Amino acid sequence: METIEKKRILSMYQCTGTFTLGNYLGALRNHIKLQDEGYQCVYALADLHALTIRHDPAELRKYTKEAYAFLLAMGIDLEKTVFFIQSQVPQHTQLAWVLNCYTQFGELSRMTQFKDKSAKHADNINAGLFTYPCLMAADILLYQADYVPVGADQKQHVEIARDIAERFNGIYGDTFTVPEPMIPKHGARVMSLQNPLSKMSKSDENQNGNISVLDEPETIMRKFKRAKTDSESEVRFAPGKDGVNNLMGIYGVITGKTMEEIEKEFQGKGYGDFKPAVAEAVIEELRPIQARFREIVADKAYLEKCYRENAPRAQAIAQKTLAKAYRKVGLVS
Ligand code: TYM
């Protein structure tokens, strides 16, 4: 029988804090489904990327383990999917060095994430923050990924990974698969509940703007009730109604309803009815995952076994590509 090679998907997630509803709706929820849609999925926690921002070591360890448990709770199936911790697969930093040498200062200077983060952390514009896209390109290219599912904010980083791959292949012949970004139609950019013009992020100074996937139901309800909207009261998707558009987007992704259907559902009702309805949808979506998360995180031995066993699975794939790239550039094997 003819065997059809599955297309490979790769994506990774930083673990600088607890995942936000933005990570969940814009990325995690869609990515996990792909394992049942005929793709071979490789996912990882980008703990090396997390070092580019000052952090507390004990917290990074805790957040990394919790993030691992959260993805298991969401249903990552380790029989089908490889799911590891980046720092446990040394090929990432090894290939990143090589790619650093094929990436230009000018193109790294144009990265919007670098510009945003260096403005935000002006006292710590470190070299890692600058070369972050080279490590991310290594993450992707090591696995010969066909598709890289990400939220809209990471599109530029996938594009530079493509540029680096094409440049390298152009010089040395086919070495890396040139990856395509995969960006969801809905939920690709979940905005802060307090400032709907900036994306929801773990590092949001105003924690009322950010829903964490581990927030208690009461906290989720309180944050949604306080969400910034506008001076009208009509639930309508329209330009300039950024707060309401964002809430409608969240409600739509979870319930599967279109914007028109949501408008109809809340016709004649105001934000006073709409905001708690969005909160309820989020609470019910997260409830079973939070319960499963608590069980997994309490079982330290199981959790450790999972990530320990997955590092060599990832290394086996990554090493093949690394050896090929080293050979092409003339390193003695
Ligand atoms: P990170 O950790 O910031 O985010 C993880 C994923 O969540 C998406 N996301 C969002 N989607 C919608 N609305 C939001 N408010 C929102 N916030 C985050 C991100 O787009 C991403 O898909 N550099 C990457 C991590 C990384 C990576 C990689 C990704 C490292 N190596 C290789 C793909 C491939 C990052 O910081 O994502």
| note | From the Cα centre of segment 289-333 to that of segment 158-183, the distance in Å is 23
| note | Of the DSSP H helices in the chain, the ones reaching 27 Å or more along their long axis in Cα terms and averaging at least -0.5 in Kyte-Doolittle hydropathy are 271-298
| said: Treating segment 52-112 as a set of equal point scatterers at the Cα positions, no solvent, please give the Debye-formula log₁₀ I(q)/I(0) at q = 0.26, 0.29 Å⁻¹. | reply: -1.06, -1.14
| message | Starting from the Kirkwood Rh over alpha-carbon pairs, what translational D in µm² s⁻¹ does the chain have by Stokes-Einstein at 25 °C and 0.890 mPa s? | response | 116
| query | Looking at the square roots a ≥ b ≥ c of the eigenvalues of the Cα gyration tensor of segment 123-267, which shape do they give, rounded for a/c under 1.5, prolate if a/b is larger than b/c, or oblate? | reply | prolate
| said: Sort 138-145, 290-297, 314-321 by the packing proxy (mean of other Cβ within 10 Å over each peptide's residues), most packed first. | reply: 138-145, 314-321, 290-297
| said: Need one number: nm distance between label points at residue 295 and residue 261, each 7 Å from Cα along Cα→Cβ, rounded to one decimal. | reply: 3.0
| For segment 225-300, what is one quarter of the convex hull surface built on the Cα atoms, given in nm²? | 5.9
| query | Hey, what do the phi angles of segment 231-237 turn into as Karplus ³J(HN,Hα) couplings, whole Hz, using 6.51/-1.76/1.60 and θ = phi - 60°, x for Gly and Pro? | reply | 7, 7, 9, 8, 7, 8, 8
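Where does the charge balance sit around residue 112 when Lys and Arg score +1, Asp and Glu -1, over other residues with C-beta under 14 Å from its C-beta?
Details: positive: 110, 115, 117, 120, 155, 189, 199; negative: 107, 116, 153, 159.
It works out to a net charge of +3.
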| Potential extension, residue 78-residue 55 segment - 0.36 nm per residue separation minus Cα distance | 5.3 nm
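In deg cm²/dmol, rounded to 500, what helix-only [θ] at 222 nm does the chain give when every DSSP H run of at least 4 residues adds -39500 (n - 2.57) and the total is split over its residues? Present the calculation step by step, with values, prior to reporting the outcome.
Numbers: 13 runs with 172 residues, N = 333.
It comes out at -16500 deg cm²/dmol, rounded to the nearest 500.
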| field | Principal axis box of segment 166-226, alpha-carbon based, largest edge first, Å | value | 56, 20, 19
| Cα-based Rg of segment 10-164 normalised by 2.2 N^0.38 Å, two decimals | 1.01
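Determine how many Å³ per residue the convex hull of the Cα atoms of segment 204-333 encloses. Walk me through the numbers on the way to the answer.
Numbers: hull volume 27.5 nm³, N = 130.
That works out to 212 Å³ per residue.
Can you figure out the FRET efficiency of residue 156 with residue 120, using R₀ = 22 Å and their beta-carbon distance, to the nearest 0.05? Show your work: numbers first, answer last.
Details: r = 17 Å, r/R0 = 0.77.
Efficiency at R0 = 22 Å is approximately 0.80.
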| task | Would you kindly state how much longer the chain becomes between residue 287 and residue 167 on full extension, computed as 0.36 nm times their sequence separation minus their alpha carbon distance, in nm to one decimal? | result | 38.6 nm
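Looking at segment 29-119, which chymotrypsin sites (Phe, Trp or Tyr not before Pro) are DSSP coil and have at most 12 other C-beta atoms within 10 Å of their C-beta?
On the way: sites: 39, 43, 63, 68, 70, 83, 84, 97, 102, 105, 114; in loops: 102.
Filter output for segment 29-119: empty list.
Laboratory data are not the source of any read-out in this text; all were calculated from the coordinates shown. Quick caveat: nothing in here was measured; it's all calculated off a predicted structure. Every residue, glycine as well, gets a Cβ built from its backbone with ideal geometry; the counts of neighbours run over all protein chains shown.
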